[in-house]
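Have a look at the structure below, then the notes.
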Amino acid sequence: MLTPIIPRGASVTPLESKLARLDTADPPDDWYRRARRVLRGGDGGEHGLLLYKLARRFAERGGPLVALDVGTARGFSAMSIARAIMDAGVEGRVHTIDVIGQDEPRDWHVAKQPDDELEGAPPMSRSDIWKRWFAEESAAVSPIAGRSLEALEAWPHGAIALAFLDGSHQYADVKGELTLLDSLMSDQSAVVMDDYHLGVAATRVRSRAVNVAAHRIGRTLGRASRAARNIAPRLGDDNEFVLVKQRYAGIKRAVSEFLEEREGRWSLEIVTMPSRGQYQGDDYALAVLTRTAR
């Protein structure tokens, strides 16, 4: 039987429940529909609701608000946060980092569904998209071209209240981002991470000899095969061997190590997201890390 793997001490909340608990206004319906259509091609975008409401709550405590977005793409997440700052009527700025330059024309697939305005549009730069559809919100967004670790190592923009990480999904990059953010975040701040897949336990074995052998074999296969990297063998309590199947295992490992190294200073809430088929999977979730103490 396949069972979800939930980290010790973490809470699990469905997205609808999390949104209801955040006692702030929702984004304007017409704006949210346009953002999903233009910046996501009409696909998904539920995480934008969470980012908007979190940013709105932080903004309503009083500005100026400093936010971070890693992995700009077309800018959906950055614009969701910027719109919340604008609607709250406070000062604030979203610093968004991506290796793709602001003025590079790209085929962003801005329309995955038929649309008279977008259908057949030529490759556009992110800058062009923002000027055409989100000029007001983009006034509060500062693009940073480059890699996140380099930008965070020389961060000059003040304490960060809200960060959204959706850039590299590799363990070393995610762990580095979290480590740097630990000293850059303000009190009562939050880090939201996309593509945090819970994973499922495919099998459990309690033989220590089998555990050790399987663990070594799994580690070797994981290094040698990209497909095997979605299978994460680990030793659990009472020498129990757990074979975990999950996407982006590096994100989960980075979060777990970060929390262990800073025991008691951050809490983890896993926000489960609506399933969108094979691309995201049934175990797709966001990880919300909240600073509890320094």
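Label positions at E150 and I6, each projected 7 Å from the Cα along the C-beta direction, are separated by 4.2 nm. The residues R40, R265, R132, sorted by heavy-atom accessible surface at 1.4 Å with ligands and nucleic acids left out, run R132, R265, R40 from largest to smallest.
The alpha carbons of the range 32-78 stretch over 33, 19, 14 Å along the principal axes, in descending order.
Surface composition of the range 43-179: carbon plus sulfur atoms contribute 47% of the solvent-accessible area (1.4 Å probe, protein chains only, all chains present).
The values are calculated or read from the model by the stated rules, or taken from the named source; none is laboratory data. These numbers were taken from a predicted model, which means no experiment stands behind them. Glycine gets a Cβ as well: all are built from the backbone with ideal geometry, and neighbour counts include every protein chain shown. Keep in mind that these areas ignore ligands, DNA and RNA; they rest on the heavy atoms of the full protein, side chains included. Shrake-Rupley method; radii C 1.70, N 1.55, O 1.52, S 1.80 Å.
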